[in-house]
Amino acid sequence: MTLATILTHLSTSIKSSFNPKPIFKPTINLSILVDYLQKCQNFKQFTQILSQMILTGFITDTFAASRLLKFSTDSLPFVDINYCCRIFTHIENPNAFIFNTMMRAYIQRNCPEKVMCLYKLMLNNNMGVDNYTYPLLVQASALRLSVFEGKMVHGHVFKVGFDFDVYVNNTLINMYAVCGTLSDARKLFDESPSLDSVSWNSILAGYVNAGNVEEARYIFDTMPERNVIASNSMIVLFGRTGNVNDACRLFREMPKKDLVSWSALISCYEQHEMYEEALATFKRMNDHGVMVDEVVVVSVLTACARLTDVVIGKLIHSLVVKIGVEYYVNLQNALIHMYSSCEEIVSAEKLFRASYNLDLVSWNSMITAYLKCGSIEKAKALFDNMTEKDVVSWGAMISGYAQHDQFSETLELFQEMQLEDIMPDQTILVSIISACTRLAALDQGKWIHTYIRKNDLKINAILGTTLIDMYMKLGCVENALNVFHGMEEIGVSTWNALILGYAMNGLVDKSLDMFIEMKKRGVVPNEITFIGVLGACRHMGLVDEGYRYFNSMIQEYRIEPNIKHYGCMVDLLGRAGMLKEAEKLIETMPISPDVSTWGALLGACKKHGDNEMGERIGRKLVELQPEHDGFHVILSNIHASKGNWGDVHEIRGTMQQRGVVKIPGCSMIEANGTVHEFLAGDTAHPQINEIEDMLDEMAKNLKIEGYAPETQEVLLDISDEEKETTLFRHSEKLAIAFGLITISPPTPIRIMKNLRICNDCHTAAKFISRAFDREIVVRDRHRFHYFKQGSCSCMDYW
């Protein structure tokens, strides 16, 4: 754009938009023009002054031009940076001050890449560079994190002799520190002939940002004069690195404290879950009359949220309104989080709807608040109304569905997310894999695993453990091992998943071997580890080994047994037929037994036919937990096995009166990527006719194989023929029939059962595996059963 074009544009702008009364006197000189320039209040007046400078020729005066450019850059965004650049390019004889002014403008407007171009132009025009130019170049390099450019500038500084300038050296030290090359920063610091407080603060800030406590402490201790900025930096560093006592000591020793000092200490407490101390410090801060800002209030509100202290939270909310900072969006988000954490969902909702300055965090916080209090429909409605969603939005909703056991919705929403081309984070993937586990959706789980590999997503300890858990719970032991061997981070929870998984899959020897290998690698077992180990022992009736591990937990690892450990021991003894020993353990254990522990013994009584003990314990359990369906059913079955139908009807009548409903047996099977559910006696499946035909074929083949229905399993006062029909309509058999129709060999038929598999279905599955030459995998409430060629992996001990 030529000078004439600019003049024409400005003249047109002035005539069309300015007040006809001129702001200039008839006779004008440079000093008056500069005075008017300093009083300019808007862009229109600025363009009028620029027009006058061009008309009078003052634009060619270097001093006048420098004043004009300085004002235009200082008035941003009042004057656009591109407009400033046009003015700069039309200055006839720019000097170093003008170049520096333009460089500073580019840095202020986050355009550091253009600064180096101006420097090259200065060198090409043989322009004299001063000690204000190089700090600007170094600042631009720091903003771009370009240590290469920074070193080039450093070389020029040394060449022209500005390496003794403390201001230049300070910016170089800061640049090296920001770019992460602290060795260069320290070398320059140590070799600098002159240091000031900025020098010390710059090198200290570098070590603080790097988290290097040792070097930061050395610099701080050797400072000739400690200032508030340095002390604040050290408190921040101590807080980040867990040195809370050092942070407190330094804070107490500070002769002078500012807002940042108090804020740093409160943040330190909050980061280390010392929420009471954070609130107490905030109170002292108020007592000292220190004016708070939104940063410190956010930390304090976080402490209130963690303590669920809504009373203090509301007082702080009132303070926020009083000092007038309530409109900061991060503060509003902290308030929403605080109210939702304290289950004050109405207050959170009111604040959200009244706010006009909302961002994505606000929406995500409110969605999380709804999910936390169980308002899934409100959360989904808010989610659907979002004009923009990020990965946190999707993650909150997907995790919310998973946490509230809505696993089908979890997978459906993930599919929607894929259509939006959003890359999932670790939290989302963990929720999706957990949903696949609960739905027995192995194919979809494998697809997710493939997706992770194809997109080169890192499998950390949590994600890897979740994958191992899924494969183990769905009977894919080899897949679980492949994940384990491919993991870089392996924690105790990962080992626990393998130990529990092997035990669940009936591979007891491998489960116990994995425990030994874990100890060899120096990983210390925890409470959950021993639940897995004791669980492995109970699956195979290893009573002596179980006692040895139980005692080792107490004596060697100093782990106090909890109710689950005692429950495992009672179950181990009960399954082995040692019913009196199991009851004695319950009576002598140092903690009160829960209903699950008594329930394990009740199940053992039924298994081993001790009706007297079973009836006594059953009645006790029904009294302890009258709403539990399982205890009523087992007690009813004990009476039925003795032919006491009157007692059976009495128990069922009691269940009706109390509103106790027996949980129906449900079996799930995945075929062609879809999970199908079957209930006992189910006739609602779209392929029920084909299933009925397959059931008939199964019955014929089983009779040839020598199968005889275990009618004693049907504890109803009906004929044997009716009992046989009832047995053959169990959910496991319906699922197996469906699997024979839809899943081609050699793919195993995988079924997940919500309850323990009954004796008859267990026997039938063994016969079916041989008659149809198919591998059948059933995971019931307690363990896996691998049926192949007429035998089961549990060896009939379950």
Give me the lysines in straight-line cross-link reach of K350: C-alpha distance below 26 Å, same-chain residues under 8 apart excluded.
-> K314, K322, K372, K378, K380, K389
Would you work out the charge dipole size for the range 473-623 about its Cα centre, treating the Cβ of every Lys and Arg as +1 and the Cβ of every Asp and Glu as -1, and quote it to the nearest 20 debye?
-> 160
Neighbour net charge for G535 - beta-carbon separation under 11 angstrom, K R +1, D E -1 | +2
Please work out the FRET efficiency for the pair T674 and K458, using the Cβ-Cβ distance as r and a Förster radius of 30 Å; give the result to the nearest 0.05.
-> 0.45
For the range 596-687, convex hull of alpha carbons as volume per residue, Å³ | 143
To the nearest µm²/s, what D does Stokes-Einstein give for the range 99-258 at 37 °C and 0.692 mPa s, using the Kirkwood radius over alpha carbon pairs as Rh?
-> 197
Give a residue-ordered list of calculated ³J(HN,Hα) values for the range 661-673 (Karplus: 6.51 cos²θ - 1.76 cosθ + 1.60, θ = phi - 60°; whole Hz; x for Gly, Pro).
-> 10, 5, 5, x, x, 9, 10, 10, 9, 9, 9, 6, x
Restricting to lysines and to Cα separations under 24 Å from K620, and discarding same-chain partners fewer than 8 apart, the set is K564, K580, K584, K606, K607, K642, K662
The range 83-130 and the range 600-618: distance between their alpha carbon centers, rounded to Å = 91
Calculated SAXS-style log₁₀ I(q)/I(0) at q = 0.17, 0.18, 0.21 Å⁻¹ - the range 315-425, Debye, Cα scatterers | -0.79, -0.87, -1.10
Any idea what Rg and Dmax come out to for the chain if you just take the C-alpha atoms, in Å?
-> 37.9, 122
Quick one: plug the Kirkwood hydrodynamic radius of the range 528-575 (C-alpha pairs) into Stokes-Einstein at 37 °C, 0.692 mPa s, and report D in µm²/s.
-> 319
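Net charge near D780, counting Lys/Arg +1 and Asp/Glu -1 over other residues with Cβ under 11 Å of its Cβ?
Once positives and negatives cancel, what remains is +4.
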Amide H contacts under 5 Å for C666, restricted to residues at least 5 apart in sequence or on another chain and with H modeled in the peptide plane, are N754, L755
For the range 729-787, what's the radius of gyration and Dmax over Cα atoms, in angstrom?
-> 10.4, 28
One finds the C-alpha centres of the range 366-402 and the range 529-575 to be spaced, in Å, by 42
Mind checking the dipole of the chain: about its Cα centre, +1 per Lys or Arg Cβ, -1 per Asp or Glu Cβ, Debye to the nearest 20?
-> 2300
What part of the accessible area of the range 378-484, given as a whole %, is carbon or sulfur when the probe is 1.4 angstrom?
-> 47
By how many nm would the segment from V524 to E775 lengthen if fully extended, with 0.36 nm per residue of separation less the alpha-carbon distance?
-> 86.6 nm
Under 25 Å Cα to Cα from K70, which lysines show up? Leave out anything in the same chain fewer than 8 places away.
-> K25, K39, K44, K114, K120
Sparsely packed trypsin sites (Lys or Arg not before Pro) within the range 249-291, loop by DSSP, other Cβ within 10 Å at most 12 | K256
Cα convex hull volume per residue for the range 60-149 (Å³) | 86
Accessible area per residue in Å² at 1.4 Å probe, computed on the range 317-433 | 49
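The values are calculated or read from the model by the stated rules, or taken from the named source; none is laboratory data. These figures come from a predicted structure and were not determined experimentally. With ideal geometry, Cβ positions are generated from the backbone for all residues, glycine too; neighbour counts draw on all protein chains shown. These accessible areas exclude ligands, DNA and RNA; they are computed on the full protein's heavy atoms, side chains included. Shrake-Rupley method; radii C 1.70, N 1.55, O 1.52, S 1.80 Å.
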